[in-house]
Amino acid sequence: MAARTGLEADILIIGGGSAGCMAAIRAKELRPDAKVVIFEKGQIQRSGSLCCGMDGLNIVAVPGKDSPELYVEDSTIYAEGIEDYGPSYRMAERSYELMLKLERWGMHFPKDKDGEYTRLKVHHRGKFLVAMDAPQLKTMLADKVLKAGVTVVNRTSATGLLTKDGRVVGATGLNLRTGEFVVCKAKAVILTTGGCARFGLPNSGYLFGTYDFPGNTGDGYALAYQAGAQLTGLECTVVYPLIKDLEAPLMYIILPRGGVAVNVEGKPLGEGQVPHKLLMKEYQEGRGPVFVKMTHLSEDKIREIESILFTTERPVQKRFFEQRGIDFRKDLIELWPTEYYLCGGHGHTGLVINEKAESSLPGLYAAGDVANVPRQHLTGAFVFGEVSAEGAIDSLDKTPQPSIDESQVKEIEANTYLPLQGQGKVDLSTFEYKLRRLINDYAVPPKNSYKLSQAVEWMDKLESAWKTEVKVSDSHELGHWNEVGHILSCARLSAQASLERKESRWGLWHYRSDYPERNDAEFLKHLVVQKGEDGSTKITSKPIQGGVL
Ligand SMILES: Cc1cc2nc3c(=O)[nH]c(=O)nc-3n(C[C@H](O)[C@H](O)[C@H](O)COP(=O)(O)OP(=O)(O)OC[C@H]3O[C@@H](n4cnc5c(N)ncnc54)[C@H](O)[C@@H]3O)c2cc1C
């Protein structure tokens, strides 16, 4: 048995990214004496999708300009109707206060010549993207977390949620450096582990060369499913057109500032918009690649764009373009589709939550990309980080001290360390490559019944090989092995949900060649995935929650 560390917390936050940091800061603001613990798989100063900073808060309803109601109207169009009103409204309603708070914390939101915040148009309606100049956002948040007295357990990856009498009472983790098993009891648990970035294999073939943070491997989806929580939107396999070979974002930066997307013949596509779905159609129908063009822009405008691209989100872009000899003044930027992935921030996949960030399991909250609030981006991670902390703090006095079921802890411990007992020979990275190649083959669009059934069958076969045949020699590889298990679970759940949604929706994201049309009569509803009593996957449906809060 591995060495064990025991911790007790009022609130345990799993994942120290955008939502996790914000949840911890808010909990300490409300109750400075609360014991708040974060399990972070990486190192909190740089972990997660944020890692440096961001150039825009994608959803801000600036009073007097755009309303939360208009935002929900817009996002419902993008979600093609599969969106609950409550959480999206709550996010938009709190977005402006959130922005002002970030500003008070020293983040810069540029203003135009009239002294108004720079609002950019990337949605169908309104101008909800507010420009932000905040390259130090993640380190600022991490410093605040540490200064508030939060216990940050870095390099510790959650491996199981602990439940007692139907309530979530803590979690287990694996220390990736020492191999120690960490058990933390908590009155409330907030899940903020991001999406599943390592899902399909990127064109480059690099396992970690993904658009989103490669440490996000759907752990939250898999752990919540195991614990019995409801998930939804797993059939929405997201893909975006981004810089070929670099997978770095640029559309929301360049297009609202006058750049245009063009096809191979140089013809503009979706002028005046950020036409993700239209661009993906070019690839779907064999007309790709597509490009971003800035050659018509003034030198001043190009410099403004460069100063954002090369400093804030992924500063490596400067070196990338220089080494390839690409100059925006005369060259186009070639875009290619990213790998397919699962995400509540850019797509629709996540735990079912309400506007209080409560999941379907008592004691468990979820915020950010792990939760289903369609296309909530950074705003959603921050707002629901705060909302979940408020709910968790409010629950503390009403919740008895948690007690845990030792037999459950032992079972999770045995599963976490399983490969160390065996004689596996297959190299772990080779195994992950094969798994993700099969995801590309069978679990992503264009989907059809045969391919999706193959995906489920392959995941079953691979699961047994993953348990018995993969070689793991140290605690780092053990963490990697656990991640691969989570990717595998996500792939199976995604294929199962995709089989159920016998229609096409969200452009290429859920395109079924055997059901090419959208079918609102039968499928204007959430598909809810949950572990059944007998251990099999249960898929039910839930009506869309419309209307005012
Ligand atoms: C390249 C890029 C650019 C973006 N640009 C913008 C933008 O300009 N504006 C905007 O509004 N949005 C933007 N977004 C979206 C936004 O960044 C995300 O929606 C948001 O940061 C998600 O926050 P999160 O806390 O859910 O996930 P993350 O910030 O990714 O945090 C998840 C954390 O969980 C940890 N973790 C994972 N599994 C475990 C485990 N088992 N145990 C412990 N810890 C674990 C990870 O290490 C990570 O630190 C961008 C996203 C990307 C990828």
note = In the set 275, 249, 268, the lone residue that is within 15 Å of the ligand (Cβ to nearest atom) and assigned by TED's automatic domain parsing to the domain that holds residue 316 is 249
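Hand me the list of helices (runs of 4 or more DSSP H) wholly inside the stretch 377-489 holding 1 or more residues that are touching a Ser or Thr at 6+ places or on another chain (Cβ under 8 Å).
Values: elements: 377-396, 406-416, 418-421, 428-438, 449-468.
Where helices (runs of 4 or more DSSP H) fall fully within the stretch 377-489 and carry at least 1 residues being touching a Ser or Thr at 6+ places or on another chain (Cβ under 8 Å), they are 377-396, 406-416, 449-468.
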key: Members of the stretch 392-407 that are under 16 Å from residue 357 (Cα atoms) and among the hydroxyl-bearing types (Ser, Thr, Tyr)   = 395
inquiry  = Would you confirm, using the coordinates I've provided, whether residue 41 is of a type in the set (Lys, Arg), surrounded by 24 or more Cβ atoms within 10 Å (Cβ to Cβ) and part of a loop (DSSP other than H, G, I, E, B)?
reply    = yes
request  = Working only within the stretch 171-228, note down all residues that are within 12 Å of the ligand (Cβ to nearest atom), hydrophobic (A, V, I, L, M, F, W, C) and not in a loop (DSSP other than H, G, I, E, B).
outcome  = 171, 174, 182, 184, 189, 190, 191, 196, 222, 223, 224
message = Can you find, within the stretch 6-20, the residue that is farthest from the ligand (Cβ to nearest atom) among those that are buried (at least 17 other Cβ atoms within 10 Å of the Cβ) and more than 23 Å from residue 346 (Cα to Cα)?
response = 10
request  = Working carefully through the options 269, 234, find the one that is free of Cβ contacts under 8 Å to residues at least 24 places away in the same chain and in contact with a helix residue (DSSP H, G or I) (Cβ under 6 Å, 6 or more places away or on another chain).
outcome  = 269
key: From 313, 339, residue being charged (D, E, K, R) and under 15 Å from the mean Cα position of the chain (by Cα)   = 339
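Which of the residues that make up the stretch 88-125 are buried (at least 18 other Cβ atoms within 10 Å of the Cβ) and among the acidic types (Asp, Glu)? Please lay out each step first, then the result.
As a first pass, look at the stretch 88-125 and keep what is buried (at least 18 other Cβ atoms within 10 Å of the Cβ): 88-96, 98-99, 102, 107, 109, 117, 119-120, 122-123.
Correct list: 93 only.
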ask   = Which numbered condition trips up residue 3, out of (1) within 20 Å of the chain's Cα centre (by Cα); (2) surrounded by fewer than 24 Cβ atoms within 10 Å (Cβ to Cβ)?
value = (1)
message = Go through the stretch 427-458 and report how many residues are within 20 Å of residue 483 (Cβ to Cβ), in contact with a helix residue (DSSP H, G or I) (Cβ under 7 Å, 6 or more places away or on another chain) and not charged (D, E, K, R).
response = 8
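A quick yes/no check of all residues on (1) touching a residue at least 40 places away in the same chain (Cβ under 8 Å); (2) under 30 Å from residue 60 (Cα atoms):
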residue: 372; (1), (2): yes, yes
residue: 398; (1), (2): no, no
residue: 426; (1), (2): yes, no
residue: 429; (1), (2): yes, no
When residues of the stretch 344-361 are limited to those that are surrounded by 24 or more Cβ atoms within 10 Å (Cβ to Cβ), in contact with a strand residue (DSSP E or B) (Cβ under 8 Å, 6 or more places away or on another chain) and of a type in the set (Gly, Ala, Ser), the one farthest from residue 375 (Cα to Cα) = 359
inquiry  = So the check is Cβ under 7 Å with 6+ separation or different chains; which pairs have a first residue in the stretch 327-342 that's small (Gly, Ala, Ser) and a second one that's in a loop (DSSP other than H, G, I, E, B)?
reply    = none
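Out of 72, 62, report the one residue that is aliphatic (A, V, I, L, M), farther than 28 Å from residue 188 by Cα and surrounded by fewer than 19 Cβ atoms within 10 Å (Cβ to Cβ).
Working: 72 fails: surrounded by fewer than 19 Cβ atoms within 10 Å (Cβ to Cβ).
Going through 72, 62 in turn, the sole match is 62.
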inquiry  = Given the criteria surrounded by 24 or more Cβ atoms within 10 Å (Cβ to Cβ) and either farther than 30 Å from residue 399 by Cβ or away from the ligand (no atom under 14 Å from the Cβ) (or both), does residue 57 qualify?
reply    = yes
ask   = Could you give every pair whose Cβ atoms fall below 8 Å, whose first residue belongs to the stretch 8-24 and is in contact (Cβ under 8 Å) with a residue 40 or more places away in the chain, and whose second residue is basic (Lys, Arg) and in a helix (DSSP H, G or I), counting only separations of at least 6 or pairs across chains?
value = 18/138; 21/138; 21/144
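Quick grid of which residues meet (1) over 22 Å from residue 359 (Cβ atoms); (2) not in a strand (DSSP E or B):
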position: 493; (1), (2): no, yes
position: 499; (1), (2): yes, yes
position: 503; (1), (2): yes, yes
position: 508; (1), (2): yes, yes
position: 516; (1), (2): yes, yes
position: 521; (1), (2): yes, yes
position: 530; (1), (2): no, no
position: 533; (1), (2): no, yes
position: 541; (1), (2): no, no
task = Considering only the stretch 261-272, state which residues are crowded, with 16+ Cβ neighbours inside 10 Å and within 27 Å of the chain's Cα centre (by Cα).
result = 261
request  = Go over the candidates 251, 140 one by one and state the one that is over 28 Å from residue 394 (Cβ atoms) and either out of contact with any Leu (no Cβ under 6 Å at 6 or more places or on another chain) or crowded, with 24+ Cβ neighbours inside 10 Å (or both).
outcome  = 251
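Going through the stretch 376-422 one residue at a time, which ones are within 16 Å of the ligand (Cβ to nearest atom) and of a type in the set (A, V, I, L, M, F, W, C)?
Restricting attention to the stretch 376-422, the residues satisfying the condition of being within 16 Å of the ligand (Cβ to nearest atom) are 376-389, 392, 412-413, 415-417.
Listed by number, the residues that qualify are 378, 381, 382, 383, 384, 387, 389, 392, 412.
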remark   = Reported set for the stretch 21-42 where residues are within 27 Å of residue 253 (Cβ to Cβ) and either within 7 Å of the ligand (Cβ to nearest atom) or polar (S, T, N, Q) (or both) is 42
query = For residue 72, all conditions in the list (1) in a loop (DSSP other than H, G, I, E, B); (2) out of contact with any Gly (no Cβ under 7 Å at 6 or more places or on another chain); (3) in the same structural domain as residue 93 (by TED's automatic domain parsing) hold save one; what is the number of the exception?
reply = (1)
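The values are calculated or read from the model by the stated rules, or taken from the named source; none is laboratory data. Just so you know, these numbers come straight off a predicted model, no measurement behind them. Glycine gets a Cβ as well: all are built from the backbone with ideal geometry, and neighbour counts include every protein chain shown.
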